[in-house]
1. Explain nothing, just compute: Karplus ³J(HN,Hα) = 6.51 cos²θ - 1.76 cosθ + 1.60, θ = phi - 60°, for every residue of region 8-19 in order, whole Hz, x for Gly and Pro.
2. Starting from the residue with the highest accessible area, list Trp25, Trp32 in decreasing order, probe 1.4 Å.
Amino acid sequence: MGRQSLTLYMAHILLGMGALEALGWLQGKTPWQALLAALLYLLAAALFARQWERRFGRGPLERLMRRLCDRRTASPLPQRCED
């Protein structure tokens, strides 16, 4: 899961919290229900991460960030003008 931490974090915020909020499932829950939901997300995320890593390696957002950063660092820095 370490090679997909950004992807899993964003999925947690956008899909997990966003979907639960949209469905109205965040209000009025007991601590045990919240713990159960967190454990279910952890299990689903771990299964997703394992399958994704076997097939693709790095997570999709990690791959995107790597491409963006590699492009940026691959180009030479502009030279400073000396007067």
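The values are calculated or read from the model by the stated rules, or taken from the named source; none is laboratory data. For clarity, every value in this text was computed on a predicted model and none was experimentally measured. Surface areas here come from the heavy atoms of the whole protein model, side chains and all, with no ligands, DNA or RNA. Shrake-Rupley method; radii C 1.70, N 1.55, O 1.52, S 1.80 Å.
1. Once rounded to whole Hz, the list reads 5, 5, 5, 4, 4, 6, 6, 7, x, 5, x, 5.
2. Trp32, Trp25
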